[in-house]
Each structure stands twice: as structure tokens, then as C-alpha cells.
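As C-alpha cells, the structure follows; a few thoughts come after it.
The values are calculated or read from the model by the stated rules, or taken from the named source; none is laboratory data. Keep in mind it's a predicted model, so treat the numbers as computed, not measured. In this analysis, Cβ positions are derived from the backbone assuming ideal geometry, glycine residues included, and neighbour counts consider all displayed protein chains. Accessible surface is based on the protein model in full, side chains and every heavy atom, while ligands, DNA and RNA are left aside. Shrake-Rupley method; radii C 1.70, N 1.55, O 1.52, S 1.80 Å.
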Amino acid sequence: MAPMTAPRPHLNRRLAAFGTTIFAEMSALAAATGSINLGQGFPDTDGPAEIARAAARAVLEGRGNQYPPGPGVPELRTAVTAHQRRFYGMSYDPDTEVLVTAGATEAIAAALLGLLEPGDEVIALEPYYDSYAACIAMAGAVRVPVTLRPHEGAFRLDPAELRAAVTPRTRLLLLNTPHNPTGTVLTREELAGIAELAVERDLLVVTDEVYEHLVFAPGGHVPLASFPGMRDRTVTISSAGKTFSFTGWKVGWALAAPPLLAAVRSAKQFLTYVASGPFQYAVAEALALPDSYYEGFLADMARKREILASGLAAAGFGVFAPAGTYFITTDIAPLGERDGFAFCRALPERVGVVAIPNQVFYDDKDAGRTLVRWAFCKKDEVLVEAADRLGRLTR
Ligand code: PMP
Ligand code: GLN
């Protein structure tokens, strides 16, 4: 008789810790309970109708219905480089320095899978977007979190802590500014310090800038790649999902010097190969929208930020006003709550609202225990209703 042994689990060890993403769990909870979903970050209003029409036109005219070119359609690659020149004065070659991906998510995965050797250390800001940890694990690399800590109403990076985290095995810094979930925007000084460290220790940098057009603080977004010594060691990642409110189209991109980009492309070709054909043409048009589009988008989100921030404060939460993104992180401790996960799981039942417990984005669970994130990319009246419901927690 064969010896009795426990069956081997199907999910491999690299992924076993990750389970189902919090976004799927919380959106399912919102749907099941009919709650207002301020959890997963997607707008409840689609982006510009003219851009939706451009996508429909591309489908009907047969542009992108068959596999587009591996690096992305030339129209979009050119539009991405024009965008980088227009907003940041940076120049990239559309043929050798731009790669179109299935959202920023695939760009992150391809960058990590293409650049890392097993055992390499990757420093990521904690709390980190959940796909970072999973992709670092899939690459067989080691995650080294550096925690953003609350200081004067915002989550700040301690440059000394970052410096201390670098070891001889550190290969890559994985950054995100504007930062999800905290809403922190790294300052020019912080970025300059990071750049100096990267140059000094010869590190690669992957920077996730998907919220580049959602900076409320004066000065706007500054790409890390624009700092001295960074142009050739940085992979800059962004996406159309946030900027144009079409998160389902999954059109993202990576920008980098040719040897770095080639490494990202090598991995990407075996992930999706290509995606989102017709949408690529539409996003090329979206990127060229006039300044009034970008300004209007930011002004709308700034108003929504105020509505939700004041509602949350009135309901008794400790509010960290975000300098960027469309998320607000709050502390639930002032409400007498101790655990964000339990709070978020019970919230639909209590008042019909869904949020995200930040602790899932931490290795140091205690640092995120009482933090909860709310998305404000929703209709004004939805935010007002959500705030009213949350007010009932203490009424
Ligand atoms: N990075 C961050 C920080 C995000 O918040 C998100 C998602 N919203 C992504 C990447 C993924 O972007 P995409 O939907 O384009 O894959
Ligand atoms: N980026 C979105 C958020 O932070 C979610 C995207 C996803 O569900 N993967 O809410």
C-alpha cells in the first residue's frame, strides 16, 4: 500500500501567502450586500465620450481587432512619448523606449520578472500596492519594505530608513508616487535623495506613476526619471485607467532606456504578448486631449476629495488628507475601533459602505492595523450618501 501523505497543495509556495486580492473580496462584498463601494479604485462615471467613440470607431474600422504589434501600436507609442515631452519635458524614442502593456499591472509584472534574479532584494515602500508583493514573489526575489510613517497628517518616507534598507543584495527600488493607498506624493527633495541613493548604490528603479495626473499639492507630478543619473536606470510605468477613467480597458505602458526596456519586453511577450488592440488607438487620442481635460479631471477629483474628507472627519475618523491619488486613508482608532480588517468586513452590514483595510498592504501588520482606505472617484451624491451613512456609526 502506498504511504499516506498529505496531498501536495495546488497553489505553489511563492503564491500561497497571497490568497484572493482584497479588491476582489471587497467588491464582491459590496455587490452581495448592495453597499456603496468605496473600496476598489474605479470611477463610477466613464471617461470622455469622444474617447469611448474613438474606441468604438477603431473596432468598427478594423484597427486593432487582430494582434497589434508586440511593443504597442505606433500611434500610442508616439502619443506616450509626446505626453512625456508635453508634461515633463522628457524625451523618449517611441520605437525603442516605449512598451505598451495590459495595464500598469502587466508592466509591473514584466519589469520585475524581466529584471530580477531569484534572491535579489527589492525595496518597496510600505504600505505597497498588492501586486508588487505578489510579483516580487513570482520573480523569486525578496521583498524589503520601508514603511511610510504618519507625520503631521501625512505618511512620510524616512530617507535614513531607506538608506539603511539597502544591502549588497539590493537590486531594485520599487517606488510609487503619488502613492496608493496613502495619497502621499514624494517631494522633490525626497525624490532627489532617492535618486542620489540609486546612483550611489547602482540600483535599478521601477516607478509606478499611474496617478501622475492626480496631484493636488502645488507643483504637480515630477517623474523620478527626470533626476540626475536616473534616465537610464529607471523604468517608468503609467496607465490610461486612472487618468482617463477607463480602468477596464487595461492600457498601460513602460518607458525606459533601450537595454532596460528590452528586459521588460522579454517578459511581457510571454505574459499577454499583446492586449487591448482597439483601445490602444483610443488612448493615443486621449493622451492628446487639451490641457482643459486634464485640469477638469483634477478639479473634479479635488472637489470629491473635499466632500469625502470632510464627511469622514465629521463621522469621527482620523483623516490623512491625500496630496495625490483618489484615495483617502483614515485612522479608525478615534472611533474606538482596533482592527481595520474586522471593521471593513462588518461595515456593509452596519451602514452599507465598503472600504479597504490598509493592513493587507503591510508586512508590519501593526503599522496598518487601524488604517482604512476610501476611494473618492465616485459621483458627488454617492460620496455625500456614504458620508451620511458613516455618520451613523457614532449617532
Ligand atoms: N499601480 C497602482 C499604484 C494602482 O493603484 C493600480 C490600480 N489601480 C495599478 C498599478 C494598476 O493599474 P492598471 O489598472 O492600469 O493595471
Ligand atoms: N488599483 C485599484 C485600487 O487600488 C484596484 C485595481 C485592482 O483591483 N487590481 O483600488
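Brief remarks follow.
- Qualifying residue in the stretch 35-58 (condition: buried (at least 22 other Cβ atoms within 10 Å of the Cβ), out of contact with any helix residue (DSSP H, G or I) (no Cβ under 6 Å at 6 or more places or on another chain) and not in a loop (DSSP other than H, G, I, E, B)): no
- When the stretch 211-240 is filtered for residues that are of a type in the set (Val, Ile, Thr) and either more than 16 Å from ligand 2 (Cβ to nearest atom) or out of contact with any Phe, Trp or Tyr (no Cβ under 9 Å at 6 or more places or on another chain) (or both), the ones remaining, listed by number, are 215, 222, 234, 235, 236.
- Any chance residue 354 is closer than 22 Å to residue 23 by Cβ, among the aliphatic types (A, V, I, L, M) and more than 16 Å from the chain's Cα centre (by Cα): yes
- Members of the stretch 133-153 that are open to solvent by less than 30 Å² (accessible area, probe 1.4 Å), more than 16 Å from ligand 2 (Cβ to nearest atom) and more than 26 Å from residue 267 (Cβ to Cβ): 147
- Matching residues in the stretch 19-55 - criterion: being hydrophobic (A, V, I, L, M, F, W, C), in contact (Cβ under 8 Å) with a residue 24 or more places away in the chain and within 16 Å of ligand 1 (Cβ to nearest atom): 22, 23, 26, 38, 42, 51, 55
- The stretch 277-304 - residue that is open to solvent by 30 Å² or more (accessible area, probe 1.4 Å) and of a type in the set (Phe, Trp, Tyr) and, of those, nearest to residue 249 (Cα to Cα): 279
- Scanning the stretch 59-79 for residues that are part of a helix (DSSP H, G or I) and open to solvent by 60 Å² or more (accessible area, probe 1.4 Å) yields 59, 60, 74, 75, 78.
- Residues of the stretch 210-263 classified as more than 10 Å from ligand 1 (Cβ to nearest atom), in contact with a Gly (Cβ under 7 Å, 6 or more places away or on another chain) and within 23 Å of residue 58 (Cβ to Cβ), total: 2
- In the stretch 14-33 there is at least one residue matching the filter, namely being more than 16 Å from ligand 2 (Cβ to nearest atom), open to solvent by 30 Å² or more (accessible area, probe 1.4 Å) and either in contact with a strand residue (DSSP E or B) (Cβ under 7 Å, 6 or more places away or on another chain) or part of a helix (DSSP H, G or I) (or both).
- Any hit, the stretch 92-110, residues being open to solvent by 20 Å² or more (accessible area, probe 1.4 Å), more than 28 Å from residue 78 (Cα to Cα), out of contact with any strand residue (DSSP E or B) (no Cβ under 7 Å at 6 or more places or on another chain) and away from ligand 1 (no atom under 16 Å from the Cβ): no
- Filtered by the rule that a residue be of a type in the set (Lys, Arg), outside any loop (DSSP other than H, G, I, E, B) and closer than 30 Å to residue 146 by Cβ, the stretch 339-395 gives 345, 365, 373.
- One residue stands out in the stretch 316-338 among those that are part of a strand (DSSP E or B) and of a type in the set (S, T, N, Q): the one that is surrounded by the fewest Cβ atoms within 10 Å (Cβ to Cβ), namely 330.
- Residue among 161, 106 that alone is charged (D, E, K, R), more than 15 Å from ligand 2 (Cβ to nearest atom) and modelled with pLDDT of 95 or more: 161
- Selection status of residue 124, away from ligand 1 (no atom under 16 Å from the Cβ), open to solvent by less than 40 Å² (accessible area, probe 1.4 Å) and in contact with a strand residue (DSSP E or B) (Cβ under 7 Å, 6 or more places away or on another chain): no
- Number of the exception - residue 64 against (1) more than 16 Å from ligand 2 (Cβ to nearest atom); (2) free of Cβ contacts under 8 Å to residues at least 24 places away in the same chain: (2)
- Sole residue being polar (S, T, N, Q), part of a strand (DSSP E or B) and modelled with pLDDT of 95 or more, chosen from 96, 101: 101
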